[in-house]
Amino acid sequence: MEEARPGVAAVTRELSGPEAAQLAEAAVAGSVARTTGAACYLKPEHLVETIEALKANPETDLVHLTNLCGVDYWDHFEVVYHIQSFDKNQIAVFKVDVFDRENPAVPSVVPVFHGAWMQENEAYDLLGIRFQGHPNLYRILLWEGYPGWPLRKDFLSMPGGLQPGLGDFTGETPRPEPTVKVVK
């Protein structure tokens, strides 16, 4: 493969989940909840400390929060962090599971990455995930008092348990029934 600089690949390398987990565990012991092939899931109580250690360590050099977003999986949320090293030309994906649908919350990473400010506001605005310790968490796309969180899968629950959108496709494994309240 062609190199951009000596020892650095020309194409950004994506760290696997186990590689990211190894870095996280080396930075803060006991910080990893689980891994997948593509991501490392961190324990919420160790999130800020782990991210801060990965940023400060010259061996990892994960200094740029490229993306922060939330994902709704009916029974829980995930907050996803893509963190990049420019010098090492690599990127890692860290996630945090949020199982409380009524009052979802995770620690804010704004003290580590100032660029998380608006991304956390967006996840709050559209999914209702609160970021504890955020300096000024508010809705940025919708107005204060807007009823609900429009990117939640249960946002447009209809009478009779129907959900908007496309049904399952042929050959697809049927989805489990949602564990959320259904409007009657």
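Read-outs: derived from the displayed coordinates by stated rules, not from any lab. The structure displayed is predicted, hence computed values, not measured ones. Please note: Cβ atoms are built from the backbone with ideal geometry, for glycine as well, and neighbour counts cover all protein chains shown.
Using a simple spin-label model with pseudo-atoms 7 Å out from Cα toward Cβ, E19 and M118 lie 3.0 nm apart. If you plug the beta carbon distance of R130 and A10 into 1/(1 + (r/R0)^6) with R0 = 35 Å, you get a FRET efficiency near 0.30.
When a footprinting reagent is the concern and you count Cβ atoms within 10 Å, what order do D72, D61 take, fewest first?
On the way: D72 22, D61 16.
The fewest-first ordering by Cβ neighbours comes to D61, D72.
Note the full-extension length gain between K153 and R139 as 0.36 nm times their separation in residues minus their Cα-Cα distance, in nm to one decimal. Could you put the intermediate results ahead of the total?
On the way: separation 14, 0.36 × 14 = 5.04 nm, distance 1.88 nm.
Length gained, K153 through R139: 3.2 nm.
Can you give the FRET efficiency for R34 and Y146, using 1/(1 + (r/R0)^6), R0 = 35 Å, r = Cβ-Cβ distance, to the nearest 0.05? FRET efficiency, R34 to Y146: 0.55.
Extending 7 Å from the Cα toward the beta-carbon at both V80 and E59 defines two label points whose distance is 2.9 nm. What fraction, in whole percent, of alpha-carbon pairs in the range 3-152 exceed 21 Å separation? Beyond 21 Å sits 43 percent of the P(r) for the range 3-152.
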